[in-house]
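Asks: First the structure, which I've put down as structure tokens, then a few questions once you've had a look.
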Amino acid sequence: MPAPALPPVDLRSDTVTRPTPAMLEAMFGAPVGDDVYEEDPTVARLEAAAAARFGLAAGLFCPSGTMTNQIAIKAHTEPLSEVICEQTAHVYLWEVGGIAFHSGASVALLPGERGRLTAAQVEAAIRPTNVHYPTTRLICLENTHNRGGGSCYAWPELVAIADVARRHQLPLHLDGARVFNALVATGQRSEDYGQLFDSISVCLSKGLGAPVGSVLLGSAAFIQKCKRLRKAFGGGWRQAGYLAAAGLYALENNVDRLADDHARAARLAAALARQPYVAEVLAPATNLVIFRLHESQPTAAFLAHLAAHGIKASEFGPQWVRFVTHLDVDDAGLARVEAALAAVGS
Ligand SMILES: *Cc1c(COP(=O)(O)O)cnc(C)c1O
């Protein structure tokens, strides 16, 4: 009998993690109730705990980060208004054009440096009052930045952008799908983020390892408005406490360990830099490694080679590939990836 195949090393995304036995135990034991009646104590605990971490008043548990972002954008804008964001922002590029669909709003797209905007760029994009223009209503940042290869904002730039927002009386939203990766990598503090941002969306289902869910954070009045929007989006849910329990477990146990994912991403980047068929690696700041293959190395053949070695990865544009480290990629898995990379073309 051949040896049983090893489970795949799945580097496609940090969304692929399965709950651990301890997380499942927390889920099975959760007290629950009907959350539309606001009677689910575990959902309430998760929302309060997540908000408290960021020094914000209230939270709203939703099925996805797309929903938390789109609800927040709708709550902050109205038709004929405009959202300022980076041109490869998830809210624009990967949420199905939802800003136009849900909010009837326009988008001002700015070219960032690995997804990061400057305060000067943001300020220059704010529309003057003129009957021809949409009205600027919202500034939206993403940290870490997905398309930017997990890049993080430096604290002074965040402060400067928040200052622009305050001076122009514009709300500032954070797509913080991976905000804990940014906090762990930079040593910035979650409480300080609550001072800068009017709303923050946090994914529990990415690096934190919960199976489902995101939380939207903000003031009590803002979250009340968002709760009505969530119902209209079809996102009012019932005994969601079983899922909220996974989120609570993730917040309590899986934040500090993100540093391990970052170290493994750095190790993958170093291994990639040694390969003759790799043209360029974006230095990973967190858990995303984006790299470009030489023209002579077809992407499909590279991904097929990895697949034959039990490794899954995603194409991220012509000749570009993304590797993502997470809870279910350990050092043994990493060694398998390093061996497979060294064996390309042999
Ligand atoms: C994954 C992601 C989202 C959306 O999360 P889903 O739960 O997949 O809808 C939003 N923003 C960024 C930056 C993401 O990476």
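The values are calculated or read from the model by the stated rules, or taken from the named source; none is laboratory data. Quick caveat: nothing in here was measured; it's all calculated off a predicted structure. Every residue, glycine as well, gets a Cβ built from its backbone with ideal geometry; the counts of neighbours run over all protein chains shown.
Asks: Going through Val202, Val212 one at a time, which residue ends up being buried (at least 22 other Cβ atoms within 10 Å of the Cβ) and either modelled with pLDDT of 95 or more or not assigned by TED's automatic domain parsing to the domain that holds Phe28 (or both)? Before the answer, list the steps.
Replies: On the way: Val212 fails: buried (at least 22 other Cβ atoms within 10 Å of the Cβ).
After ruling out the rest, the residue left standing is Val202.
Asks: So, one more: Within the stretch 317-336, track down each residue that is free of Cβ contacts under 8 Å to residues at least 40 places away in the same chain and assigned to a loop (DSSP other than H, G, I, E, B).
Replies: Listed by number, the residues that qualify are Gly317, Pro318, Asp330.
Asks: I would also like to ask the following. Among the listed residues Gly59, Gly33, Gly97, Gly55, which satisfies the condition of being farther than 30 Å from Gly241 by Cβ and either modelled with pLDDT under 95 or of a type in the set (Gly, Ala, Ser) (or both)? Can you show your working first?
Replies: Details: Gly59 fails: farther than 30 Å from Gly241 by Cβ; Gly33 fails: farther than 30 Å from Gly241 by Cβ; Gly55 fails: farther than 30 Å from Gly241 by Cβ.
Gly97 is the lone residue from the list that is farther than 30 Å from Gly241 by Cβ and either modelled with pLDDT under 95 or of a type in the set (Gly, Ala, Ser) (or both).
Asks: Still on this model: Please verify whether Leu303 is crowded, with 22+ Cβ neighbours inside 10 Å and not acidic (Asp, Glu), treating the condition exactly as stated. Steps first, answer last, please.
Replies: Working: crowded, with 22+ Cβ neighbours inside 10 Å: no; not acidic (Asp, Glu): yes.
So Leu303 fails the test.
Asks: Inspect all residues belonging to the stretch 270-280 and state whether any of them is more than 22 Å from the chain's Cα centre (by Cα), among the aromatic types (Phe, Trp, Tyr) and within 16 Å of the ligand (Cβ to nearest atom).
Replies: Kept after step one, since they are more than 22 Å from the chain's Cα centre (by Cα), are these residues of the stretch 270-280: 270-280.
Add one more test, that the residue is among the aromatic types (Phe, Trp, Tyr), and what stays is 277.
Right, trim to within 16 Å of the ligand (Cβ to nearest atom) and you get none.
Within the stretch 270-280, none of the residues are more than 22 Å from the chain's Cα centre (by Cα), among the aromatic types (Phe, Trp, Tyr) and within 16 Å of the ligand (Cβ to nearest atom).
Asks: Taking interchain pairs and intrachain pairs at least six residues apart, which have beta carbon atoms under 8 angstrom, with the first residue in the stretch 115-138 and in the same structural domain as Lys74 (by TED's automatic domain parsing) and the second of a type in the set (Phe, Trp, Tyr)?
Replies: Arg116/Tyr153; Arg127/Tyr133
Asks: Taking the residues in the stretch 282-299 that are assigned to a strand (DSSP E or B) and over 21 Å from the mean Cα position of the chain (by Cα) as candidates, determine which candidate is farthest from Lys206 (Cα to Cα). Write out each step before concluding.
Replies: Taking the stretch 282-299 and keeping what is assigned to a strand (DSSP E or B), we get 288-293.
With the extra rule that they be over 21 Å from the mean Cα position of the chain (by Cα), the set shrinks to 292-293.
Details: Arg292: 24, Leu293: 26 Å.
Ranking the qualifying residues of the stretch 282-299, first place goes to Leu293.
Asks: When only residues in the stretch 39-77 that are of a type in the set (Gly, Ala, Ser) and touching a Ser or Thr at 6+ places or on another chain (Cβ under 9 Å) count, which is surrounded by the fewest Cβ atoms within 10 Å (Cβ to Cβ)?
Replies: In the first step, residues of the stretch 39-77 are kept if they are of a type in the set (Gly, Ala, Ser); the result is 44, 48-52, 55, 57-59, 64-65, 72, 75.
Right, trim to touching a Ser or Thr at 6+ places or on another chain (Cβ under 9 Å) and you get 55, 57-58, 64-65, 72, 75.
Numbers: Gly55: 14, Ala57: 16, Ala58: 19, Ser64: 17, Gly65: 27, Ala72: 30, Ala75: 23.
Out of the qualifying residues, it is Gly55.
Asks: Of the residues in the stretch 39-69, how many are out of contact with any Asp or Glu (no Cβ under 6 Å at 6 or more places or on another chain) and either within 16 Å of the ligand (Cβ to nearest atom) or in a helix (DSSP H, G or I) (or both)? Steps first, please.
Replies: In the first step, residues of the stretch 39-69 are kept if they are out of contact with any Asp or Glu (no Cβ under 6 Å at 6 or more places or on another chain); the result is 39-42, 44-54, 56-58, 60, 62-65, 67-68.
Now restrict to residues that are either within 16 Å of the ligand (Cβ to nearest atom) or in a helix (DSSP H, G or I) (or both): 41-42, 44-53, 60, 62-65, 67-68.
Adding up the residues that qualify gives 19.
Asks: Given the conditions (1) buried (at least 19 other Cβ atoms within 10 Å of the Cβ); (2) farther than 21 Å from Thr66 by Cα; (3) touching an Asp or Glu at 6+ places or on another chain (Cβ under 8 Å), and given that His168 satisfies all but one, which numbered condition is not satisfied?
Replies: Tallying (1) buried (at least 19 other Cβ atoms within 10 Å of the Cβ); (2) farther than 21 Å from Thr66 by Cα; (3) touching an Asp or Glu at 6+ places or on another chain (Cβ under 8 Å), His168 fails exactly one: (1).
Asks: Name the residue that is nearest to the chain's Cα centre (by Cα), counting only residues in the stretch 95-134 that are at negative phi, assigned to a loop (DSSP other than H, G, I, E, B) and within 14 Å of the ligand (Cβ to nearest atom).
Replies: Glu95
Asks: Go through the residues of the stretch 154-176 one by one and say whether even a single one is assigned to a loop (DSSP other than H, G, I, E, B), within 29 Å of Thr135 (Cβ to Cβ) and within 13 Å of the ligand (Cβ to nearest atom).
Replies: Residues of the stretch 154-176 assigned to a loop (DSSP other than H, G, I, E, B): 154, 168-171.
So of that shortlist, the ones also within 29 Å of Thr135 (Cβ to Cβ) come out as 168-171.
Now restrict to residues that are within 13 Å of the ligand (Cβ to nearest atom): none.
Looking for residues that are assigned to a loop (DSSP other than H, G, I, E, B), within 29 Å of Thr135 (Cβ to Cβ) and within 13 Å of the ligand (Cβ to nearest atom), one finds none in the stretch 154-176, hence no.
Asks: Any chance you could count how many residues in the stretch 77-94 are within 16 Å of the ligand (Cβ to nearest atom) and either more than 19 Å from Ala162 (Cβ to Cβ) or in a helix (DSSP H, G or I) (or both)? Please lay out each step first, then the result.
Replies: The first filter runs over the stretch 77-94 and keeps only residues within 16 Å of the ligand (Cβ to nearest atom), leaving 83, 85-94.
Of the ones still in play, those that are also either more than 19 Å from Ala162 (Cβ to Cβ) or in a helix (DSSP H, G or I) (or both) are 87-88, 90-94.
Qualifying residue count, the stretch 77-94: 7.
Asks: Which numbered condition trips up Val36, out of (1) in the same structural domain as Ala220 (by TED's automatic domain parsing); (2) surrounded by fewer than 23 Cβ atoms within 10 Å (Cβ to Cβ); (3) under 23 Å from the mean Cα position of the chain (by Cα); (4) not acidic (Asp, Glu)?
Replies: Just one mismatch for Val36, condition (3).
Asks: Just for the stretch 2-23: of the residues that are in contact with a helix residue (DSSP H, G or I) (Cβ under 8 Å, 6 or more places away or on another chain) and not in a loop (DSSP other than H, G, I, E, B), which one is surrounded by the fewest Cβ atoms within 10 Å (Cβ to Cβ)? Show your work before the answer.
Replies: Taking the stretch 2-23 as the starting set, the residues that turn out to be in contact with a helix residue (DSSP H, G or I) (Cβ under 8 Å, 6 or more places away or on another chain) are 6, 9, 11, 14, 19, 22-23.
Imposing the further condition that a residue be not in a loop (DSSP other than H, G, I, E, B) reduces the set to 9, 22-23.
On the way: Val9: 23, Ala22: 10, Met23: 23.
So the residue we want is Ala22.
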